[in-house]
Amino acid sequence: MTQEAVEDDQTLIDLRDAGRHYEIGGGTLKALDQVDLTVRAGEFVVILGPSGSGKTTLLNLIGALDTPTEGTVRIGGQDLTEASRAELFALRRHRIGFIFQSFNLFPGLTALENVQFGGNVAGRSDVREAAIEVLGQVGLSDRADHFPHELSGGEQQRVAIARALVAGNPVVLADEPTGELDFHTGVQILELLREVTQTAGAAVLIVTHNRQIARVADRIVELSSGRIQSDRENEPADMADLHW
Ligand SMILES: Nc1ncnc2c1ncn2[C@@H]1O[C@H](COP(=O)(O)OP(=O)(O)OP(=O)(O)O)[C@@H](O)[C@H]1O
Ligand SMILES: [Mg+2]
C-alpha cells in the first residue's frame, strides 16, 4: 500500500519502500517488505499484526537498531542508510526511546538505577529527580531499590517503560508494552504513553497483536507477512471501554 509522501517539519519517521530481507536456506525471507510509512509528531500509532508479521523488525529499523536491506528509513529527516555509526549512536541517544519486548533491564542495577541509566544516556542533567518522577508515573515508587530479579514480570516491564520515557526523546517505540500487565495496569501505561504524545508532542508507536489495545490509537497500521495491509485513522476509544 502506498501512502502519499507528505513530508514536512512535523515528520519524525519516514520509510520508503523499506524492507528487511534475509537470505536463508537458499531462499529469501522477507521479514518486512515494501513498507511506506510516515509518522508525524504527536501521533499515537498502533502497529497491529500476528506473531511473525514483522512488527519487531519494523520497530528495530525505526529505532536504528537494524538497517533495511531495501529502501530508506529516515528519522527527523536523517537517512539511516547513509548515517555513520556515530550518527546512529547520537540518534538513538537523543531521538529514540525504545521499550523492548524482552525488557533488557540490567540485572545488577536497581529499578531506579535502570531508569537513571536511560536519562544518563540521553545526557539529562537532572537524572535522579527525573527517574524518581517517571518511576512514580509507572506506579513503582515503592520498588525503586529492588533489583530486576526482585520484581514481577509486569513490574520489570514498567521499569523498562520508565527507562525509555525518562530520556524525553521525540520518538517512543514500544514492543508489546502491556504484554505482561494486568488490565488495570495496562490501561494506566497506555494512558501514560498517550500523555507523552500530548504533553511532549512525541510520536509513540506501540506494537501489539491485541485488537483491544489498537482501539486507543489515533491511527492503526496493520501488518501481515511483512507488508502493510492497511493504514487508517482511528477515533480513539475511551480507555474505560477497553477489555482484554
Ligand atoms: N535474524 C533473522 N533471520 C531470519 N529470519 C528472521 C530474523 N529475524 C526475524 N526473522 C523472521 O522475520 C519474521 C518477522 O519477525 P518479527 O520478529 O518481526 O515478528 P513479530 O511480528 O515481532 O512477531 P511476535 O509477535 O512473535 O513478536 C519472522 O518470520 C521471523 O522468523
Ligand atoms: Mg515481536
key: Nearest 10 degrees, 0 to 90: helix 183-199 Cα axis against the chain principal axis   = 70 degrees
key: 14 Å beta-carbon shell around residue 94, net charge (K/R +1, D/E -1)   = +3
query = Dipole of region 22-109 (Lys/Arg Cβ +1, Asp/Glu Cβ -1, origin at the Cα centre): which of 50, 32, 106 lies farthest to the positive side?
reply = 106
remark   = Total charge of the residues flanking residue 176 in space, meaning their Cβ is under 14 Å from its Cβ, with Lys and Arg +1 and Asp and Glu -1, is +1
message = Along the charge dipole of region 119-215, pointing to its positive end and built from +1/-1 on Cβ of Lys, Arg, Asp and Glu, which listed residue (141, 173, 186) has its Cα farthest out?
response = 173
ask   = Distances over 16 Å make up what percent of all Cα-Cα pairs in region 161-244?
value = 52 percent
ask   = Nearest 10 degrees, 0 to 90: what angle lies between the long axis of helix 85-94 and the longest principal axis of the chain (Cα atoms)?
value = 50 degrees
Surface/4 of the Cα convex hull for region 104-168, nm² = 3.6 nm²
Dimensions in Å of region 31-98 - Rg and Dmax from alpha carbons = 12.1, 34
request  = Take the alpha-carbon positions of the chain, form their convex hull, and give its projected area averaged over all directions (one quarter of the hull surface) in nm².
outcome  = 13.4 nm²
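No value in this document is a laboratory result; all are computed from the given coordinates. Nothing here was measured: the structure is a model prediction, and the numbers come from that model. Here Cβ is always computed from backbone atoms with ideal geometry, including for glycine, and neighbour counts include all displayed protein chains.
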